[in-house]
Amino acid sequence: MIKLTRIDDRLVHGQVSFTWVPSLGINCLIVANDKTACDDFQKMALTLARPPSAKLLILTIEESIAFLNDDKSKNAKILLIVNSINDAFTLSEKVTEIQSINFGGIRAREGTRLISRAIAVSDADISLIKQMADKGIELEIRQVPNDKKQLIQNLL
């Protein structure tokens, strides 16, 4: 069962390991990212950031879709982490269990603008956000569980 789907360009780090995992009782972290799944150094670094209470799977987007749609994954308490709005959109199109997406951190880069202190989006990102919102997916910004939810649509 997916307890949280989170967009965070840092993937696994302190906020995830020390606040989200214990708060939600997570026992399985899934990093869904094509580039990371093929990068042994990045995989090693993420393994070091993994909390000891949770298994870590680093999968491609397609592998993640297959895993999350398999009945065997329903017993796990999953925190699904992606590093882009595009990957979150792709997963939400193929995994019906995703009904809420947490925006945790997307750093500014060329062609983006800040809409909150930790979220920068491009025009293409805004288009995907609107499509997900139109499908009824909750899109909320919180860096840690104790933060008050802000709906991203109210910030665009």
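So what's the net charge close to ILE141: Lys and Arg +1, Asp and Glu -1, counting the other residues with Cβ under 9 Å from its Cβ?
In short, 0.
Considering only the other residues whose Cβ falls under 13 Å of the Cβ of GLY104, what net charge follows from Lys and Arg at +1 and Asp and Glu at -1?
Surrounding charge for GLY104 is +2.
Cα centroids of the stretch 124-156 and the stretch 55-92: how far apart, whole angstrom?
Comparing the Cα centres of the stretch 124-156 and the stretch 55-92, I get a distance of 19 Å.
How about the stretch 73-134: which GluC sites (Glu not before Pro) there are in a DSSP loop, with at most 12 other Cβ atoms within 10 Å of their Cβ?
GLU110
Using a Cα-Cα cut-off of under 27 Å, which lysines could be cross-linked to LYS135, ignoring same-chain neighbours fewer than 8 residues away?
LYS3, LYS72, LYS74, LYS77, LYS94, LYS148, LYS149
Just to confirm a number: summing +1 for Lys and Arg and -1 for Asp and Glu over residues other than ILE65 whose beta-carbon lies under 10 angstrom from that of ILE65, what do you get?
Once positives and negatives cancel, what remains is -3.
Determine, for each peptide in 10-18, 148-156, the mean count of other beta carbons within 10 angstrom over its residues, then list the peptides with the highest first.
Result, highest mean Cβ count within 10 Å first: 10-18, 148-156.
Tell me the Kirkwood radius of the chain: reciprocal of the mean inverse pair distance over distinct alpha-carbon atoms, in Å.
Kirkwood radius, the chain: 15.6 Å.
Bear in mind these aren't lab numbers, they're just calculated from the coordinates by the rules spelled out. Remember, it's a predicted structure, so these values are computed and weren't measured experimentally. Using ideal geometry, Cβ is built from the backbone for each residue, glycine included, and neighbour counts are taken over all protein chains shown.
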